[in-house]
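Report on the following structure.
The values are calculated or read from the model by the stated rules, or taken from the named source; none is laboratory data. Predicted model, so just to flag it, every value in this text is computed and none were measured. A quick note on method: Cβ atoms are made from the backbone with ideal geometry, for glycine too, and the neighbour counts reach across all protein chains shown. For the accessible areas, the whole protein counts, side chains as well, though only heavy atoms, and no ligand, DNA or RNA atoms are used. Shrake-Rupley method; radii C 1.70, N 1.55, O 1.52, S 1.80 Å.
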Amino acid sequence: MVKNISILGSTGSIGTQALDVVRKNKDIQVKCLSTNKSIGLLKQQIEEFKPEIACVMDLEAYEKLTRELKDTDIKLVCGMDGLVEVSTYENVSLVLNSLAGNIGLLPTVSAIKAKKDIALANKESLVCAGEIIMNLAKEYGVKIYPVDSEHSAIFQCLQGNLKNDIYKIYLTASGGPFRLWKKEDFSKITVKDALNHPNWSMGSKITIDSATLMNKGLEFIEAKWLFDVLPEQIEVLVHPESIIHSMVEFVDGSVIAQLGETDMRHAISYALTFPKRFDGGYKRINFLERNSLNFEKPRYDDFPALSLAIEAIKIGGTMPAVLSFANEIFVELFLKEKISFVEIPVLIEKVMSAYNVKHMYNLDDVFEAEKWVETYIFERFGGL
């Protein structure tokens, strides 16, 4: 049976890899695509996959693409309203949300309310509003399939074990490009250094988050909501080889791990084709070559972003949203070379310390927290 899907962020890292999966699986049809402003690549995707509707977030780029495609039948939409439209498109059963950043939250909520299953690669949806998202999914009978390699691994480990009690989730981390750097050398880190991930090829924002270990902190928060566990039941392990993508330990002491080469198409394919598996011809593990797997404790003192994320979910309420909003702004400032690498967690902590958390909250409160963060950073650090 053919599955019709919508891909949000089709020109990004996850989106382009998802389309590679679709090329090899004729049972998946792409009905909707979206981009921010990469209309050159989007135009190529439209010509190849022939979706019924596409969204361009940037107005100027949207107007340019509209002129270029004026003789075609495709419907083009723009902005957040357009993004919601492709998230709720009638002729779609599953939405892959691979948007980067907090812009992905509203499309996730909209898709759930339209009763679309979600293949979720947008971390911020669960970080900012995990309780709201999971409750909505239950209310509307929607399934959420994790796309992150770590959460996909946990999801796979739990198949056939849903009635067994989880004792602990082991969330593995590569350690990023600075795992072996001394803390006193962190002040020398450049944007180029931070974008040089040792194992994975990803977008710039998530790559910087991986360098600070904030990415693992955000995944820690996601895991709490996705798998309904306490923060105390999640342990981060640095695993430099990135072969074990995560593990689950059950109350009887048994541990199930999911292994695979560092290719996001494995996790993407599983989310798009669940419960079936699809042979896309991706690289398989050679255990005679991969004959050493190592584990380390994270250097929490040297990578404080991870500790801040764990602290945020323990505080609860709207604090994880504030963490995420602040991180997104400061990562962007780092990429523009307006702040240093070591300043990212320092400034995030200052924002968190100034914020009065709301423990009883709704989606409007989350968006209000975003506005508060933007205003506070502009007023306090506007000269950056």
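What's the magnitude of the charge dipole for segment 170-224 around its Cα centre, counting Lys and Arg as +1 and Asp and Glu as -1 at the beta-carbon? Answer in Debye, nearest 20. Don't jump to the answer; show the numbers that get you there.
Details: 8 positive and 6 negative charges, 18 e Å.
Dipole about the Cα centre, nearest 20: 80 debye.
Are there any chymotrypsin sites (Phe, Trp or Tyr not before Pro) in segment 178-263 that are in a DSSP loop and have at most 10 other Cβ atoms within 10 Å? List them by number. Before the final figure, lay out the partial values.
Numbers: sites: Phe178, Trp181, Phe186, Trp200, Phe220, Trp225, Phe227, Phe250; in loops: Phe178, Trp181, Trp200, Phe227.
Sparse-neighbourhood loop chymotrypsin sites (Phe, Trp or Tyr not before Pro): none present.
Ignoring any ligand, DNA or RNA, what whole percent of the accessible area of segment 26-132 comes from carbon and sulfur when the probe is 1.4 angstrom? Please report the intermediate quantities before stating the final value.
Details: 2090 of 4560 Å².
Percent of accessible area from carbon and sulfur atoms in segment 26-132: 46.
Can you put Asp148, Asp73, Asp193, Asp301 in order of accessible area, largest first, using a 1.4 Å probe? Present the calculation step by step, with values, prior to reporting the outcome.
Values: Asp148 15, Asp73 155, Asp193 50, Asp301 125 Å².
Listed by decreasing accessible area, they come as Asp73, Asp301, Asp193, Asp148.
Just check segment 10-85 against the gyration tensor rule for me: Cα atoms, a ≥ b ≥ c as the square roots of the eigenvalues, rounded for a/c under 1.5, and otherwise prolate or oblate depending on whether a/b exceeds b/c.
Values: a/c = 1.80, a/b = 1.54, b/c = 1.17.
Because a/c hits 1.5 or more and a/b exceeds b/c, segment 10-85 counts as prolate.
What ranking of Val357, Val127 comes out by heavy-atom accessible area, probe 1.4 Å, highest first? Write down the numbers at each step before the final one.
Numbers: Val357 45, Val127 5 Å².
Putting Val357, Val127 in descending order of accessible area: Val357, Val127.
Write down the accessible area per residue of the chain in Å², having rolled a 1.4 Å probe over the full set of protein chains.
Details: 17580 Å² over 384 residues.
Value returned for the chain: 46 Å² of accessible area per residue.
At R0 = 45 Å, how high is the FRET efficiency between Asn91 and Leu288 if r is their beta carbon distance? Nearest 0.05 is fine.
Working: r = 47 Å, r/R0 = 1.05.
With a Förster radius of 45 Å, E is 0.40.
Among all lysine pairs in segment 153-234 that are eight or more places apart or on different chains, how many have alpha carbons less than 24 angstrom apart?
16
In nm, give the distance between the simple-model label positions of Lys183 and Glu131, each being 7 Å from the Cα along the Cα-to-Cβ direction.
3.3 nm
Once the dipole of segment 1-116 is set up with Lys and Arg at +1 and Asp and Glu at -1 on Cβ about the Cα centre, which of Gln17, Val56, Leu33 lies farthest towards its positive end?
So the residue we want is Gln17.
Near the amide H of Tyr167, under 5 Å away, which other amide H atoms are found, from residues 5 or more places off or on another chain, if H is placed in the peptide plane?
Glu249, Phe250, Val251
Around Cys55, which amide H atoms from residues at least 5 apart in sequence, or from another chain, sit under 5 Å from its own amide H, with H modelled in the peptide plane?
Leu33, Ser34, Thr35, Val77
Apply 1/(1 + (r/R0)^6) to the Cβ-Cβ distance of Lys3 and Lys371, taking R0 = 45 Å, and write down the FRET efficiency to the nearest 0.05.
On the way: r = 37 Å, r/R0 = 0.83.
The computed FRET efficiency comes out at 0.75.
From Cα pairs below 8 angstrom and at least 6 apart in sequence, can you work out the relative contact order of the chain, rounded to a whole percent?
On the way: 686 pairs, mean separation 57.7, N = 384.
That works out to 15 percent.
Filter the trypsin sites (Lys or Arg not before Pro) in segment 13-56 down to the DSSP loop ones having no more than 13 other Cβ atoms within 10 Å, then list what survives.
Working: sites: Arg23, Lys24, Lys26, Lys31, Lys37, Lys43; in loops: Lys26, Lys37.
The qualifying sites are Lys26.
With only Lys, Arg, Asp and Glu charged, each at its Cβ (+1 for the first two, -1 for the last two), find how big the charge dipole of segment 83-183 is about the Cα centre; round to the nearest 20 debye. Please report the intermediate quantities before stating the final value.
Numbers: 11 positive and 9 negative charges, 85 e Å.
For this selection, approximately 420 debye.
Rounded to the nearest percent, how much of the accessible area of segment 210-341 (1.4 Å probe, protein heavy atoms only) is carbon and sulfur?
Details: 2820 of 5620 Å².
After summing per-atom areas, the C and S share lands at 50 percent.
Could you give the nm distance between label points at Lys314 and Leu59, where each point is 7 Å from its Cα heading toward the beta carbon?
For Lys314 paired with Leu59, the spin-label model returns 4.5 nm.
Please work out whether segment 1-148 counts as rounded, prolate or oblate from its C-alpha gyration tensor, where a ≥ b ≥ c are the square roots of the eigenvalues and a/c under 1.5 means rounded, while otherwise a/b larger than b/c means prolate and anything else oblate? Walk me through the numbers before you get to the answer.
Working: a/c = 1.79, a/b = 1.43, b/c = 1.25.
Prolate, since a/c reaches 1.5 and a/b exceeds b/c.
Using a Gaussian network for the chain with springs between C-alpha atoms less than 10 Å apart, which of these wobbles most: Asp71, Asp209, Asp117?
Asp71
Classify segment 73-232 as rounded, prolate or oblate from the Cα gyration tensor: take a ≥ b ≥ c as the square roots of its eigenvalues, call it rounded if a/c is under 1.5, otherwise prolate when a/b beats b/c and oblate if not. Walk me through the numbers before you get to the answer.
Working: a/c = 2.46, a/b = 1.32, b/c = 1.87.
It comes out oblate by the Cα gyration axes.
For segment 298-338, run through the GluC sites (Glu not before Pro) and keep only the ones in DSSP coil with at most 16 other Cβ atoms within 10 Å of their Cβ.
Numbers: sites: Glu311, Glu328, Glu332, Glu337; in loops: Glu337.
Here the GluC sites (Glu not before Pro) that fit, given the DSSP loop and packing criteria, are Glu337.
Quick check for me: using +1 on Lys/Arg Cβ and -1 on Asp/Glu Cβ, what's the dipole size of the chain about its Cα centre, in debye to the nearest 20?
On the way: 43 positive and 52 negative charges, 154 e Å.
Taking the Cα centre of the chain as origin, the dipole is about 740 debye.
Please report the antiparallel percentage of the DSSP beta bridges confined to the chain, to the nearest 5.
On the way: 10 of 39 bridges.
Restricted to the chain, the bridges split so that about 25 percent are antiparallel.
Long-range amide H contacts for Gly175: which residues qualify at under 5 Å (H placed 1.01 Å from N, peptide plane, sequence gap of 5 or more or a different chain)?
Answer set, sorted by chain and number: His239.
With an 8 Å Cα cut-off and a minimum separation of 6 or more residues, compute the relative contact order for segment 143-248 in percent.
Values: 119 pairs, mean separation 50.0, N = 106.
Averaging sequence separation for qualifying contacts and normalising by length gives 47 percent for segment 143-248.
Could you give the length gained by full extension between Lys168 and Asp20, i.e. 0.36 nm per residue of separation minus their alpha carbon distance, to one decimal place?
On the way: separation 148, 0.36 × 148 = 53.28 nm, distance 3.41 nm.
Separation in residues times 0.36 nm, less the Cα-Cα distance, equals 49.9 nm.
Pairs of alpha-carbon atoms within less than 8 angstrom and 6+ residues apart define the contacts here; what relative contact order does segment 70-179 have, in percent? Intermediate results must be reported in sequence, preceding the final value.
Details: 108 pairs, mean separation 21.2, N = 110.
In percent, rounded to a whole number, it is 19.
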